[in-house]
Amino acid sequence: MTIMLEDVDEVVRALRTVLAEEQILTGRADRFNRARVPAPFPVHRWAERVPDVVVLPTSTEQVAAVVKIANGLRVPVVPRDGGTGLTDGAVPLRGGILIDVKRMNQVHELDLANRTVTVGTGINMLKLNEYLAPYGLFYPDDPASYPCSLVGGRIGTSGWSLIGARYGHTRDLVLSFDHVLPTGDIMHVGDGIGRKVSKSSSGYQLKHLFMGHQGTLGIATRATLKLFPKPEAELSPFWAFDNYDDAYACTGALARAGVATFAGAVLFDEHKVAYLRRDDEAYIPQPTDVRALVCAAMYGWDDEVRVGGKRLFRIAKEHGARYLGDEISEGDWAARHDRYATPLHGRTKDGQVVPMSWHCEDAAINYSALPSVTKAWHEIVADLRRRTDVFDDWGMFAYTSGSTGVDYLTEIDVGIWEQQLDDRAWAMWVDAKRRLARVALDHGGSISACHGSCREGEVDLVPEELGRGFDVMLDIKRTLDPNNIMNPGKYLLDRAYPQEG
Ligand SMILES: Cc1cc2nc3c(=O)[nH]c(=O)nc-3n(C[C@H](O)[C@H](O)[C@H](O)COP(=O)(O)OP(=O)(O)OC[C@H]3O[C@@H](n4cnc5c(N)ncnc54)[C@H](O)[C@@H]3O)c2cc1C
């Protein structure tokens, strides 16, 4: 399916009929830049996964025209927004046309009466909230990648918001969107026909189908989003514990308490605290007897946050928490958006500091399964570390999803010494990812809560997780994308086209 070099001229000629010259990029740097992702896929094989052409459309119609051309010429198409996805969703596996939507970043309509905003999917949440602030409104999709991931990528991955227990996640906050199908047809996806209706029971609930598909079913181009009053108050106390078990029990109790302003709680395990203390210069130093941490976040009007906060403080105290004070609390919660960018080093078994980059695996797990998943995941990474210094265990955290605290995003962070990564170490990591995914499934969880699971290793278990549902996925893919042009090779969806295998 990869287009051959002599075909690129033909593709470019066709693209010139619908785009201006400066919207079509074929230069090496332009193409390599758009094959880059924050977590290292096998960096030693970077050059194998580069697009042949990059396009910069400015409207839904231009995206549709490009996809029509690609479908006609049987050329792969990969949508890319911020390129911050952590499972290589936006990395072209077979070359082709990469659609970079960053020029579609306009605010098209602010509807104060219905409290919605309609934007191009190339806008990010930080920019959007700067625009909304004077109106006393905000859009509460708040991933740790808030300043650099874009609305379209949030739709493509069905992202997780750190304050989702109060406001919901991307899937709840996006009311509807315009979507270009793999044939180049344009459709509107939402509840009912309206752009601003949030509940309808007419027909199939297609909105969810067109979210979290990692660009394999088309491209979202213009989205209508729910807005909320900009919170007057934000409270984010950090509590310290001398053991994981008390911190874990406290997290569950905070989430189940039914405090309306509760926006989320995050639990840092012992490995994470040890890692932060050891190697994260941005971390505010804490006493050595601190072994686990819990942060709760509350958002809302000042009077309700104050009252809700008192209750959460009481619960934390009952569970043995020590409040770390305003400076640490506010500082560390504020660092949630840039924490990952800071520590670019880890350690070998001898304690030698070496340059490392951040990699992570996430899962959706019920509260009751968290301790044993945490234990099993650390054992997998410890096993890697016993075999090579390429990997370092940077610890785990867990976030609540809903206000009931039933399910959690849990994530293990692993340092990878990229310069030492070779085929042998990569194979070890892929195998470890398969084992991490297996643990999630064995505990009744899902392989991923937000990043998706479309990369080597964990993707092998997706058919098992979905069972008969995976066959339905194949049927849908074949029907909507008869020529397998949309982000081919992802999610094992090539199985929908037996003639290609
Ligand atoms: C430091 C850091 C912290 C992170 N924290 C979080 C977090 O807290 N919560 C969370 O959910 N994620 C987090 N992530 C992961 C990442 O930010 C999210 O997956 C995000 O949703 C990706 O957005 P993006 O704009 O970068 O998308 P991209 O990486 O460009 O694309 C992601 C996927 O969506 C597809 N896609 C892109 N644009 C479109 C479109 N317009 N229509 C359809 N499909 C499309 C792509 O093909 C790809 O498969 C983090 C990443 C980093 C680097």
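Couple of notes before you dig in:
- For the chain, accessible area per residue (1.4 Å probe, heavy atoms of protein chains only), Å²: 40 Å²
- Under 17 Å from the Asp111 label point (7 Å along Cα→beta-carbon), backbone N, the stretch 124-140: 138-139
- A simple packing score, the average count of other Cβ atoms within 10 Å per residue, orders the peptides 99-108, 168-177, 300-309 as 168-177, 99-108, 300-309, with the highest score first.
- Separation of the alpha carbons by more than 18 angstrom is noted, of Lys207/Lys230; Lys199/Lys226; Lys207/Lys477, for Lys207/Lys230.
- Arg386, Arg94, reordered so the largest accessible area comes first (probe 1.4 Å): Arg386, Arg94
- Equivalent ellipsoid semi-axes - Cα gyration tensor, the chain, angstrom: 37, 28, 20
- Just so you know, the Cα atoms of the stretch 8-167 work out to an Rg and Dmax of 17.0, 53 Å.
- Charge tally for Arg31 (other residues, Cβ to Cβ under 12 Å; Lys, Arg +1; Asp, Glu -1): +2.
- Here the stretch 438-501 was treated as a single set of alpha-carbon atoms; its pair distances binned every 10 Å from 0 give 21, 51, 24, 4 percent.
- Alpha-carbon radius of gyration plus Dmax, which is the widest Cα pair, for the stretch 343-501 in Å: 17.4, 54
- Taking Cα atoms only, the orientation of helix 5-15 departs from the longest principal axis of the chain by about 90 degrees.
- For the stretch 352-499, the share of accessible area belonging to carbon and sulfur comes to 52 percent (1.4 Å probe, ligands and nucleic acids excluded).
- Net charge of the neighbourhood of Arg385, taken over other residues with C-beta under 13 Å away and scored Lys/Arg +1, Asp/Glu -1, is -2.
- Overall Cα dimensions of the stretch 290-338, principal axis frame, Å, largest first: 30, 29, 14
- Counting charges near Gln420 (Lys, Arg +1; Asp, Glu -1) among other residues having Cβ under 14 Å from its Cβ returns a value of 0.
- Computed over the chain, the per-residue total of -39500 (n - 2.57) for DSSP H runs of n ≥ 4 gives a 222 nm mean residue ellipticity of -9500 deg cm²/dmol, rounded to 500.
The values are calculated or read from the model by the stated rules, or taken from the named source; none is laboratory data. No experiment lies behind these values; they were computed from the predicted model shown. FYI the Cβ positions are ideal-geometry reconstructions off the backbone, even for glycines, and counts take in every protein chain you see. To get the accessible areas, we keep the full protein, side chains included, count just its heavy atoms, and leave off ligands, DNA and RNA. Shrake-Rupley method; radii C 1.70, N 1.55, O 1.52, S 1.80 Å.
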